[in-house]
Amino acid sequence: MTISKIKKFHIFAHISIKESLLIELQKLGCVEIINIEEREEFHNWNSLDDDFSLNSPVNLSNVKFCIDLLSSYRAKKSKGLKSLLTPKKIYSYDELVQLEQQYNFQELFNRCKELDNELNQLNLQENRLNAAQQEIQRWLGLDLDLSKIEERKYIKIIPGSITKNNYQNLVSDIEQQVKTSVIQIIAEEKNKLNIAIIILKENQPKLEPILQKYFFEIYKYSHTFIGTPKQIIKTINEQLHAITGRREEIRQTLIKLYSENQFIYPLYDLLSIKQEKEDTKKYLKKSAKTIAVRGWVQKKDIPKLEKRLKENFSFYDVSFSEPKEGEVIPIVLSNKAMVRPFEIITELYSLPDYHTIDPTPILSIFYFVFFGLALSDVGYGGAMALMSYLAMKYLQLGKGAKKFFNLLYYCGIAGILGGILLGSWFGDILNYLPPVFNNLSFFLTQKIALFNPVENPIPLLILSLILGVIQIYTGILIKFTDNVSKGKLTDGIMDQISWLVLITGIILYLVKGMLPSVISKISGTAILIGTISIILTQGRAQKNILLKIGSGILALYGITGYLSDFLSYSRLFALGLATGIIAQMFNMLATMIKIPYLGVLFTLVILIVGHTFNLFMSGLGAFIHDARLQYVEFFSKFYDAGGNPFRPFTLKTTYIEVEDTSKADKL
């Protein structure tokens, strides 16, 4: 149960080498720099970030702006797996530093900003034109110059809209009260009519009350276009066409800029590295001639750190010390290669406290076994293992992603073993093979398979519960061992052994019909001893004797929690059974297709889609429920979480890989 040993390092160096010292520590990538607290030894020292400066004329946010803009104008965008198959370019740190002086980024940024502003203006103009076009379309039937509609000397033209229900009443009132008038329907909409009313200007006072009475919506033309609606629409279309053409010109320009300025990607990573270095300076202290650096380093990396400092600097001093009590010590899990992928399961919950144990080695065994039972199909496990292997081999994955696919690879192997145990090969697909394969099918599904949960599910259910008992016992014993290692043997006996005795007695009592009669006497004795010990010990924190006994009696209620924990493992049985039954259902559906010629095609589609769906759902269910058993049933018995991850000061990049050409760390 390996948590890597951590040491605290202390570096004092001449202030003249502060930049190169931080660069070398960053390139080495094996130390976590921490804040130096204000104490007597640094009482008159200042923070190093007092003279904060990125020492670069290029702004990180400006580079990011260019990347976001130009990346959307790649001539050929890599999609899906192709983008993952494309390896990242590798630069040495020195090449990366020289890159900033080789290119004129400011000129590129100014050009990108100019084009982006123009695109935004084109978009705004296009939106205004589209809105105007939609508005003018309603008045295409009006053969008048909209810009001069108010300039008539003797007549008044009033365009507007009215509901269909009010139209006839409006016309009637106008004819009665305004003698000289013309009303023309311009367009008909869903519930409205767009009309134009023409009257003598002298009759306008008579018309206005009528328009208000019927909620007439007067149309006010507010655009600068001149001409009839048809002429205006033509003008708008011409301007929209010009915008489209100009946008295409800008697009081609941006495509060219993208292809000619690939340096922005490594430049961004270089500036990110520099920014990380500058941000770290706030943790350091300086005097007139000295800087102080303090942090954490794994014990196994101390030789690398010492050699890197020795080969690059002369005026420095480095020392190492054990962490002090009460300090927050970062956690690095350090397991063997086969166990390392299962660290993901531990990390998803929480890292362990530095002074406790890493549950990953034991968890890996249980997780592997449980996943195998939950997936329990050779075909599904093989597909998962194969896809995970190919992903690790051919995709450009980071450390975290590669670790995750490695976990899925082991889960696939577990699924294969679980499928062999239950005789499930893509469900019962072997039963549909030609008769020549009958012997093979019988051997794989009957001879070597130990369970057939479809015909007899009880043995698999019993196996699931037994595995649950084993895991919970393991968790209790781990806690007992931890107490003993800390000199708390009495606590271990009272808090773990007493419960083990009681639980064991109850289990033996429940299965006494399958065991010799002497076991029933042993079970009764164990129950009695366990019950008495729990009553007498679980209230020991209380001062009053009655409260001690009362608390002990109440503690017995905890047995229901253990029983529910045991029953929770029946989910392994349910998941394994469901995987096989759903697979068999898809096999049955596929073979029901009897259409000539096309039947084979439909059968293949149903098999591929159905089994892919079942693999995804069963794999997801196995992953989640397996993790739940570890977190809720297993970890609750012993695990002390709350550790903080080790965060090394390193060359963090997004678009490229940086190769440290220094050989100082190669012992």
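Quick notes on this one:
- Being more than 30 Å from Ile3 (Cα to Cα) and open to solvent by 30 Å² or more (accessible area, probe 1.4 Å) is a condition met by at least one residue of the stretch 290-299.
- Subset of the stretch 384-405 that is under 22 Å from Lys652 (Cβ atoms) and in a helix (DSSP H, G or I) - its residue that is most open to solvent (accessible area, probe 1.4 Å): Lys399
- Any chance Lys281 is of a type in the set (Lys, Arg) and over 42 Å from the mean Cα position of the chain (by Cα): no
- Looking across the stretch 427-457, the residues that are hydrophobic (A, V, I, L, M, F, W, C) and surrounded by fewer than 18 Cβ atoms within 10 Å (Cβ to Cβ) come down to Leu433, Val436, Phe437, Leu440, Phe442, Phe443, Ile448, Ala449, Leu450, Val454.
- Residue ID - most open to solvent (accessible area, probe 1.4 Å), chosen from residues in the stretch 278-287 that are touching a residue at least 40 places away in the same chain (Cβ under 8 Å) and not hydroxyl-bearing (Ser, Thr, Tyr): Lys282
- Output for the stretch 294-330, where each listed residue is in a loop (DSSP other than H, G, I, E, B) and over 23 Å from Ser47 (Cβ atoms): Ser314, Glu322, Pro323, Glu325, Gly326, Ile329
- Residue within the stretch 350-359 that is assigned to a loop (DSSP other than H, G, I, E, B), of a type in the set (Phe, Trp, Tyr) and over 24 Å from the mean Cα position of the chain (by Cα) present: yes
- Considering the stretch 317-326, the residues that are open to solvent by less than 80 Å² (accessible area, probe 1.4 Å) and in contact (Cβ under 8 Å) with a residue 12 or more places away in the chain include one that is nearest to the chain's Cα centre (by Cα), namely Pro323.
- Selection status of Ile162, open to solvent by less than 30 Å² (accessible area, probe 1.4 Å), in contact (Cβ under 8 Å) with a residue 40 or more places away in the chain and more than 30 Å from His241 (Cα to Cα): yes
- Remark: Ala196 matches the filter, which requires a residue to be open to solvent by less than 90 Å² (accessible area, probe 1.4 Å), closer than 18 Å to Lys153 by Cα, in contact (Cβ under 8 Å) with a residue 12 or more places away in the chain and among the aliphatic types (A, V, I, L, M).
- For first residues located in the stretch 581-602 and within 18 Å of Phe426 (Cβ to Cβ) and part of a helix (DSSP H, G or I), partners that are modelled with pLDDT of 85 or more and open to solvent by 70 Å² or more (accessible area, probe 1.4 Å) and lie 6+ apart or on another chain with Cβ distances below 6 Å form the pairs Ala583/Phe426.
- Inclusion of Gly412 among residues that are in a helix (DSSP H, G or I) and either among the polar types (S, T, N, Q) or surrounded by 17 or more Cβ atoms within 10 Å (Cβ to Cβ) (or both) is warranted.
- The stretch 35-64 - residue that is open to solvent by less than 30 Å² (accessible area, probe 1.4 Å) and touching a strand residue (DSSP E or B) at 6+ places or on another chain (Cβ under 8 Å) and, of those, modelled with the highest pLDDT: Ile36
- In the set Ser334, Ser314, only one residue is of a type in the set (Ser, Thr, Tyr) and open to solvent by less than 70 Å² (accessible area, probe 1.4 Å); that residue is Ser334.
- Against the list (1) over 20 Å from Asn35 (Cβ atoms); (2) more than 36 Å from the chain's Cα centre (by Cα); (3) at pLDDT 90 or above, the condition Phe313 fails is (3).
- Looking only at the stretch 208-232, and only at residues there that are in a helix (DSSP H, G or I) and basic (Lys, Arg), the one that is least open to solvent (accessible area, probe 1.4 Å): Lys213
Here's the yes/no breakdown for (1) touching a strand residue (DSSP E or B) at 6+ places or on another chain (Cβ under 7 Å); (2) over 30 Å from Ile36 (Cα atoms); (3) in a strand (DSSP E or B):
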| residue | (1), (2), (3) |
| --- | --- |
| Asn194 | yes, yes, yes |
| Gln204 | yes, yes, no |
| Ile250 | no, yes, no |
| Leu257 | no, yes, no |
| Asp279 | no, no, no |
| Ala292 | yes, no, yes |
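- Evaluated against (1) touching a residue at least 12 places away in the same chain (Cβ under 8 Å); (2) part of a helix (DSSP H, G or I); (3) surrounded by 15 or more Cβ atoms within 10 Å (Cβ to Cβ), Thr235 falls short on exactly one condition, (1).
- Candidate set from the stretch 293-351 (those that are aromatic (Phe, Trp, Tyr) and out of contact with any Asp or Glu (no Cβ under 7 Å at 6 or more places or on another chain)); member that is nearest to Lys402 (Cα to Cα): Phe342
- Only listed residue being farther than 30 Å from Pro209 by Cα, among the hydrophobic types (A, V, I, L, M, F, W, C), open to solvent by 40 Å² or more (accessible area, probe 1.4 Å) and at pLDDT below 95, chosen from Ile67, Ile155, Ile90: Ile90
The values are calculated or read from the model by the stated rules, or taken from the named source; none is laboratory data. Computed from a predicted structure; not experimentally measured. Every residue, glycine as well, gets a Cβ built from its backbone with ideal geometry; the counts of neighbours run over all protein chains shown. The protein model used for the area step is the full one, side chains on, heavy atoms only, and it has no ligands, DNA or RNA in it. Shrake-Rupley method; radii C 1.70, N 1.55, O 1.52, S 1.80 Å.
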